[in-house]
Amino acid sequence: MLWHDLFLNRMVTRQELVLGLNSVFNLEENQIYFTDDTWSQTIPEDVKLLYLTYICKAEFPLRITIYLRDHQLVPKNDVLILGKLCELLKC
């Protein structure tokens, strides 16, 4: 399920993203899957959160699309979760 697209005002590393997403969704690192190529890989069954990254030549150089693969992860307050994630990523 598509959850959100985020447009970041700076480039962040994969590790920063994993740590931020781990913190806000309380997941293990192996439950978060990163790709920069839309659906070209087989995604392991234990993955609960998938994120795709896109580099943009614009004011916001990094776009992240977040997919939740577990309905229990859907937050009650998206704004709170997104705010915390942006704070952790310093963007």
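The values are calculated or read from the model by the stated rules, or taken from the named source; none is laboratory data. On a predicted model such as this, the values are computed, not experimentally measured, just so you know. Methodologically, a virtual Cβ is constructed for each residue, glycine included, from the backbone with ideal geometry; neighbour enumeration extends over all protein chains shown. To get the accessible areas, we keep the full protein, side chains included, count just its heavy atoms, and leave off ligands, DNA and RNA. Shrake-Rupley method; radii C 1.70, N 1.55, O 1.52, S 1.80 Å.
The listed peptides 53-65, 24-36, ordered by packing as a protection proxy, come out as 24-36, 53-65 (highest mean of other Cβ atoms within 10 Å first). Rolling a 1.4 Å probe over the protein heavy atoms gives the stretch 22-91 an accessible area of 66 Å² per residue. Under the convention that each Lys and Arg Cβ holds +1 and each Asp and Glu Cβ holds -1, the size of the dipole of the chain around its Cα centre is about 280 debye. Entry note, the chain: the mean residue ellipticity at 222 nm calculated from DSSP H runs of n ≥ 4, each adding -39500 (n - 2.57), is -8000 deg cm²/dmol after division by the residues and rounding to the nearest 500.
When the accessible area of the chain is split by element with a 1.4 Å probe, what percent falls to carbon and sulfur?
Values: 3010 of 5810 Å².
Carbon plus sulfur share of accessible area: 52 percent.
Computed from the Cα positions only, the extents of the chain along the three principal axes stand at 35, 31, 21 Å, in decreasing order.
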